[in-house]
Amino acid sequence: MLKICIWMNIPSHYQSAFFQALERRDDVDLRVGYFNGASQDRAAEGWKNDYAFKDYEFCVESGATPDALVESVADWNERIHIISGYFSSELIEWFCEQNATWCHWSEMPGIRLADLLHFRMPLFRLLNPLMLSCKRKEGLQIKNHALCAFGQGVLARRAFKQMGVPNEMISDLYYVPEGLESAEPSAQMVEFAKGRKIFLAVGALCRRKGIDVLLKAFALQKTEDWCVVFCGLDRASGVYQALARKLGIQEQVLFLGAYPVERIAEVYTAADVFVLPSRFDGWGAVLNEAASLGVPMIGTDLCGGAWHIIEEGQSGYRVRAGSVYSLAGSLRTYINNPALTKQHGRKALEIFQKNFTPDSNAVRLVAALNERGDK
């Protein structure tokens, strides 16, 4: 029996199905602890703010000392703790002092640097290796004290190696929200499209999410047969609506606003191609959601999930983050070959069902821990 305690920042519907899949297993005894309660910012984006804790979940007191934190887990010293240093480096240091068994789990680092640089991606690509080399102390802590490092795919693996974590210590552990159930297409989107095909983007309207990149890339297409729908909270106070007017594409762009999570399938079902134009996304769980409904995808090379859920030319396309012309080329491929949407959509669903269900991620985690326990 694997006794596991996973430490997270906040409750998330993107993770809850994975935890439930772990809890259902006969070979796992699970606890999940949260450092913070439901986020009001996330609630504004459509997340549920009345999260109902399961029997295996708990929320710790903010600012508590590490020894007080683990009091919530009576048998903490018998468990494998899975945690990210981004949430509580003090707790990790305490685990090291107590010779507890712990694993690091995170996306690729870099979001703070990217934000500091105002998501100027050429400069970020230049400075990010330097930033990672400055995190070698954290890498040595993982190397010397952790059981292993779980990363959100290839981008996290690359970052860990630059931090000094040995390759043999690194395993993949993805973000795997529950697949969406097909729903009636969003009536508002259908009415707006009026028979046109739809490029859909889901996420907050902000610079990090590359909203301006998608608007500019679409404006280059000069097509009357497609439109763009943005679903997400406007964090830019109308800047992107103004940009759409400036580009002369306002009649082809719908800003839908935030959508409640329990109805988000309506939005994906109405789309023909999903686009994640983010300048930086550690994973991008919206790719999982799109794939689960058989929607082909375009994602950027600085979105972790785009390296795994997107198989180039099979389930979609991967483009250079921040590049209008790179994204424009992939948009044009679908505009010129609309039949590809069905073909790529079928492949996207196949990839999701094979590798990105909550149960498959539970198998992935248990296998990695058992493998290291046997060594």
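When only residues in segment 172-206 that are in a loop (DSSP other than H, G, I, E, B) and in contact with a Lys or Arg (Cβ under 7 Å, 6 or more places away or on another chain) count, which is nearest to Ile335 (Cα to Cα)?
Start the filter on segment 172-206 by keeping residues that are in a loop (DSSP other than H, G, I, E, B), which leaves 173-186, 194-196, 203-204, 206.
In the following step, the residues that additionally are in contact with a Lys or Arg (Cβ under 7 Å, 6 or more places away or on another chain) were identified as 173, 203-204, 206.
Details: Leu173: 35, Gly203: 23, Ala204: 25, Cys206: 26 Å.
Filtering first and then ranking leaves Gly203.
Give segment 235-264 a look and list any residue that's out of contact with any Phe, Trp or Tyr (no Cβ under 8 Å at 6 or more places or on another chain) and closer than 25 Å to Glu107 by Cβ, or say none.
Arg235, Ala236, Ala258, Tyr259, Ile264
Give me the residue from segment 1-47 that is among the aromatic types (Phe, Trp, Tyr) and in a loop (DSSP other than H, G, I, E, B) and, out of that set, modelled with the lowest pLDDT.
Looking at the filtered set, the residue picked out is Trp47.
Can you tell me which residue within segment 331-357, out of those that are hydrophobic (A, V, I, L, M, F, W, C) and crowded, with 16+ Cβ neighbours inside 10 Å, is nearest to the chain's Cα centre (by Cα)?
Only one residue tops the list, namely Phe356.
Just the residues that are surrounded by 13 or more Cβ atoms within 10 Å (Cβ to Cβ) and more than 19 Å from Gly282 (Cβ to Cβ), please, taken from segment 91-105.
Leu91, Glu93, Trp94, Phe95, Cys96, Gln98, Ala100, Thr101, Trp102
Evaluate the following for Phe160: is it assigned to a helix (DSSP H, G or I) and buried (at least 20 other Cβ atoms within 10 Å of the Cβ)?
yes
Examine segment 227-242 for a residue that is surrounded by fewer than 17 Cβ atoms within 10 Å (Cβ to Cβ), touching a residue at least 40 places away in the same chain (Cβ under 8 Å) and outside any strand (DSSP E or B), and state whether such a residue exists.
No, segment 227-242 has no match at all.
Find all pairs meeting these conditions: Cβ atoms under 6 angstrom apart; at least six residues apart or on different chains; first residue within segment 316-327 and under 22 Å from Gln343 (Cα atoms) and hydrophobic (A, V, I, L, M, F, W, C); second residue surrounded by 24 or more Cβ atoms within 10 Å (Cβ to Cβ) and at pLDDT below 95.
Note: no pairs meet the criteria.
Name the helices (runs of 4 or more DSSP H) wholly within segment 256-366 that hold at least 3 residues that are over 20 Å from Gly232 (Cβ atoms)?
Where helices (runs of 4 or more DSSP H) fall fully within segment 256-366 and carry at least 3 residues being over 20 Å from Gly232 (Cβ atoms), they are 324-336, 340-355.
The values are calculated or read from the model by the stated rules, or taken from the named source; none is laboratory data. Predicted, not measured: the structure shown is a model, and the values here were computed from it. Methodologically, a virtual Cβ is constructed for each residue, glycine included, from the backbone with ideal geometry; neighbour enumeration extends over all protein chains shown.
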